Amino acid sequence: MLGSYFKTSRRSLVRNKLFSAINIIGLAVSMSVGLLVIAFLTDLFSYDLFHEKRHRIYRIVTKTEGDDKRTMDLASTSLKAGYKIRETFPGIEEVSLIRRGFYSDAKVSDETIIPLEATWADPSFLKIFTFPMLKGNPATALKEPYSLVVTEKTALKLFGKTEALGKTVRFDTTNYTVTGVLKDIPKLSHIRFEALISLASMLGQKADSDGGILDWGNIYQNYVYLTLPETANLQTVQANLDKLSATENKQLEHQKITLSLQPMDKIIFGGRLSNEIGVNFPKPVAWVLIGLALVVILSACFNYTNLSIARSMRRSREVGIRKIVGALKNHVLGQFMAESVIISVMALIFSFVLFLILRTQFMALAPQLSDLVTLDLSPRLILYFLLLAVVVGLAAGFLPALFFSRIQAVQVLKDASSLKVFRHINLRKALIVIQYTFSLMFITTTLIGYKQYRGFLSFDLGFTTENILNIRMQGNKSTLLKKELAQIPAVNQIATSRMITSLGSIYGTQLKYKTKSVHDSAMVWLNFVDENYIPLHHHRFLAGTNFKNRPTSGNETEVIVNEQVLKRFHIVDRNPADAIGKQVMLDNKPLTIVGVLKDFHYGTMDHKIEPTVFRYSSEEPGGYLNVGIKSEDYPAALSGIEAAWQKIDKIHPLKATFYDDQIEEAYKQFEVMVKVIGFITFLAICIASMGLFGMVVFMTETRLKEISIRKVLGATESGLIFHLSKGFLLLLLISTLVALPVTYIFFDQYVLTKFEYHQPIGVSELIISVLVVMALAFLLIGSQTLKAARSNPAKVLKSE
């Protein structure tokens, strides 16, 4: 039976080369997107699977709430929470405390100095997580202070091929001993590091003696993981966390901290948590990718269904004869389902080649993607690909197979024209409408998304970023580099700042006005700058002046605020000048307002402008030099800056980026999304157009005699083209009337409302999509109908 199915399917494919090609190409193109999405999601769902205790590992996450009811969700928590859980919670198997933020130069010898990024961890770390140790004892490797555990790759960088275990590495003035060598960290791990340093190295011999680091409110750099027994009651553990939070929150005046459990398998799709220790991926985006792939695959399946039912008149006699010689309904059903699966498997071969090409292009869309996934082939992934081909084949062939299995043999053999195929015309029309509705929605979405992206890049931030080069100091003293840069003619201004604003990174602190009321305390965004920063970036003063005094360490007295600070704390009613001289409390330090700036964007465009302050740092900011470049010969200017950097730091490479490029990188995710949707749009249009082309070809072939008779009776070519095309154009019009309002409402009411400063949807984004689709449709329909209209009636009708 299977052999018969295969032979019949092969003959059908050969007899109907055009329709077979359309189906195979359409399915191949759509399935290549499916393969890409499957590979992508397979990698995401494979994160942390190598940990033996992964089903019992949980992370403690934190939610903070201020007096103003603003909340923040953090992946980090306090070390104190970890110690309390370990000491007081019953039924906890292991608790591990880790802290990030170790960046230093590892000195092995006078000739070997290598920058190293490490994570502090306690001995339980290697008990909870399965990071195999090649050399050393995992139970004791992180026990003693100044112990260092390195990965294979790090050991090779530091010591070459010589034995690393027992060697000494100097960080600043302290020697650390290598007590273990780990196997390299798998890429699909949410925790990644070059080395581990014993937590006792930072805390000292008595961890509880360091009050600052172990404060309950110190929640921004620390992470707590734990393993629970198989029989653990999560509700009980959460209740204990709630009790701990309630007890410890009593020592906080203006903040409330709540702890909760997060399973390890939920971390990669953990939502928007601040201070993530590693990579994660928004779950809604994953659903969007799945949805886009399904739409494209369904579009190809619609083509198959449409063309198969359209060819029903030709294949009805074949089905009738099969039934006469004994074929049952399920035999016919199996025949056409098998044929569909064979076509799908053939398409899989082509789609796999496309996948290999698309994989490279997809990974090149953004550096973050190559850091997130590998898309490497594996036996499991190949199995998923084959499963996709079978599922797509069954889905595409189900309706045609069901239709043909219900054909009455006697009726078809007596008069094939009496076959009630036309009951399915509405189905075929509906499928075409659905295809082009999605195509129009995709085009419109791409145009709207691109407009928003360009709008983000060109939006007035409230300050200047043009020709400003931001240099990351990497621990060097800014005064040394300033002296060198001052000698470069292309450099006209130099400022310092702790961070670069408008890129998405934030640094907050508590500000209080009228200290008698606790409700006048709230979080404000903060940056430490010098007196050159505001003139360089052309911030506009509404009142007051720049910093008047360069404070010495501990003698800071001045602060500059934006308009939102005045509004939020009701410092003045209307005139910003009245705020000059007012005193506020920042980090429990009294500071005087000396300047009020016009509002500007501290964060990205999806957040509204919020209260922001500038403070003068009396210490080395340790952040960035902001360098104004006046030369048009940027390569020469950068070359001079590179030479200046080499004079003060021969170890670290220069990390300098123009502010405008950093702004563009901050919105890279939107650019990637627009490119992905644009690519899906292109595929959807191609597939829908192939289906429309096949339908037009079939229609013109089956109506040649009608066309010839109309020509004999005096019909013109233009009249015939309109007559043949109007049905398809009506379907496209219906698609337009459905797609444009739905897309507009979706973006206007749901998507763009999430962005405080978005571009309005214009008529052009809606009209262009219609013009593109209509132009393609006219080209496809017109070319075939014109060919049919120009046919010679004598040749067509001579056989009648």
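The values are calculated or read from the model by the stated rules, or taken from the named source; none is laboratory data. Predicted model, so just to flag it, every value in this text is computed and none were measured. Cβ atoms come from the backbone with ideal geometry, glycine included; neighbour counts cover every protein chain shown.
Below are the figures for this structure:
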| quantity | calculated |
| --- | --- |
| Cβ-Cβ under 6 Å pairs, at least 6 apart or on other chains, the stretch 367-387 side farther than 15 Å from Phe355 by Cα, far side not in a helix (DSSP H, G or I) | Leu372/Val279 |
| Boolean, Leu289 is in contact (Cβ under 8 Å) with a residue 24 or more places away in the chain, within 23 Å of Asp48 (Cα to Cα), among the hydrophobic types (A, V, I, L, M, F, W, C) and surrounded by fewer than 16 Cβ atoms within 10 Å (Cβ to Cβ) | no |
| Residue match in the stretch 254-271 (condition: among the charged types (D, E, K, R), over 30 Å from Gln669 (Cα atoms) and more than 34 Å from the chain's Cα centre (by Cα)) | no |
| Residue in the stretch 744-764 that is closer than 26 Å to Ile434 by Cβ, in contact (Cβ under 8 Å) with a residue 60 or more places away in the chain, in a helix (DSSP H, G or I) and in contact with a Phe, Trp or Tyr (Cβ under 8 Å, 6 or more places away or on another chain) present | no |
| Selection from the stretch 440-467 of residues that are crowded, with 18+ Cβ neighbours inside 10 Å and farther than 24 Å from Thr753 by Cα | Phe463, Thr465, Asn467 |
| Residues located in the stretch 253-277, provided they are surrounded by fewer than 19 Cβ atoms within 10 Å (Cβ to Cβ) and either more than 15 Å from Thr77 (Cα to Cα) or free of Cβ contacts under 8 Å to residues at least 12 places away in the same chain (or both) | Glu253, His254, Pro263, Asp265, Lys266, Phe269, Gly271, Arg272 |
| In the stretch 217-243, residue farthest from Gly101 (Cα to Cα) [restricted to those that are among the small types (Gly, Ala, Ser) and surrounded by 12 or more Cβ atoms within 10 Å (Cβ to Cβ)] | Ala232 |
| Residue count, the stretch 526-558 (criterion: in contact with a Ser or Thr (Cβ under 7 Å, 6 or more places away or on another chain) and part of a strand (DSSP E or B)) | 5 |
| Restricting the stretch 615-628 to residues that are part of a strand (DSSP E or B) and either in contact with a Phe, Trp or Tyr (Cβ under 8 Å, 6 or more places away or on another chain) or of a type in the set (D, E, K, R) (or both), the residue that is modelled with the lowest pLDDT | Tyr616 |
| One residue from Glu144, Glu152, Glu111, Glu93 being of a type in the set (D, E, K, R) and closer than 20 Å to Lys183 by Cβ | Glu152 |
| Looking only at the stretch 743-764, and only at residues there that are modelled with pLDDT under 85 and among the charged types (D, E, K, R), the one that is surrounded by the fewest Cβ atoms within 10 Å (Cβ to Cβ) | Lys754 |
| Of the criteria (1) modelled with pLDDT of 75 or more; (2) more than 20 Å from Ile38 (Cβ to Cβ), which one Lys323 fails | (1) |
| Residue list for the stretch 769-796, restricted to those being out of contact with any Ser or Thr (no Cβ under 8 Å at 6 or more places or on another chain) and β-branched (Val, Ile, Thr) | Val772 |
| Within the stretch 90-101, tally of residues that are at pLDDT 90 or above and touching a Phe, Trp or Tyr at 6+ places or on another chain (Cβ under 9 Å) | 7 |
| Strands (runs of 3 or more DSSP E) wholly inside the stretch 94-183 containing at least 3 residues that are of a type outside the set (Gly, Ala, Ser) and without any contact (Cβ under 8 Å) to a residue 60 or more places away in the chain | 133-136, 147-151, 174-182 |
| Positions within the stretch 765-784 being surrounded by fewer than 18 Cβ atoms within 10 Å (Cβ to Cβ), under 17 Å from Cys686 (Cβ atoms) and not small (Gly, Ala, Ser), in sequence order | Val772, Met774, Phe778, Leu779 |
| Tally of residues being touching a residue at least 12 places away in the same chain (Cβ under 8 Å) and in a loop (DSSP other than H, G, I, E, B) across the stretch 571-587 | 6 |
| Single residue of Ser735, Ser689 found to be more than 30 Å from Leu469 (Cβ to Cβ) and modelled with pLDDT under 80 | Ser689 |
| Set Lys243, Lys183: member being under 23 Å from Ala121 (Cα atoms), in the same structural domain as Asn137 (by TED's automatic domain parsing) and of a type outside the set (A, V, I, L, M, F, W, C) | Lys183 |
| Leading residue by the ranking (farthest from Arg568 (Cα to Cα)) among those in the stretch 32-61 that are among the aliphatic types (A, V, I, L, M) and in a helix (DSSP H, G or I) | Leu35 |
| Pair list, Cβ < 8 Å and 6+ apart or interchain, from the stretch 439-452 residues that are more than 17 Å from Gly291 (Cα to Cα) to residues that are surrounded by fewer than 24 Cβ atoms within 10 Å (Cβ to Cβ) and of a type in the set (Phe, Trp, Tyr) | Ile448/Phe747; Gly449/Phe670; Gln452/Phe670; Gln452/Phe755 |
| Leading residue by the ranking (modelled with the highest pLDDT) among those in the stretch 395-406 that are among the aliphatic types (A, V, I, L, M) and under 11 Å from Phe336 (Cβ atoms) | Ala396 |
| Single condition Ile761 does not satisfy, out of (1) more than 33 Å from the chain's Cα centre (by Cα); (2) closer than 30 Å to Phe600 by Cβ; (3) of a type in the set (A, V, I, L, M) | (1) |
| Hits in the stretch 62-93 - residues which are assigned to a strand (DSSP E or B) and either buried (at least 22 other Cβ atoms within 10 Å of the Cβ) or in contact with a Cys (Cβ under 9 Å, 6 or more places away or on another chain) (or both) | Thr62, Thr77 |
| Yes/no for Ala141 being buried (at least 21 other Cβ atoms within 10 Å of the Cβ) and farther than 25 Å from Ile277 by Cα | no |
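Here is a yes/no grid of residues against (1) assigned to a helix (DSSP H, G or I); (2) exposed (fewer than 15 other Cβ atoms within 10 Å of the Cβ):
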{"residue": "Ala644", "(1), (2)": "yes, no"}
{"residue": "Lys650", "(1), (2)": "no, yes"}
{"residue": "Met690", "(1), (2)": "yes, no"}
{"residue": "Ser708", "(1), (2)": "yes, no"}
{"residue": "Lys711", "(1), (2)": "yes, no"}
{"residue": "Phe722", "(1), (2)": "yes, yes"}
{"residue": "Ser735", "(1), (2)": "yes, no"}
{"residue": "Pro741", "(1), (2)": "yes, yes"}
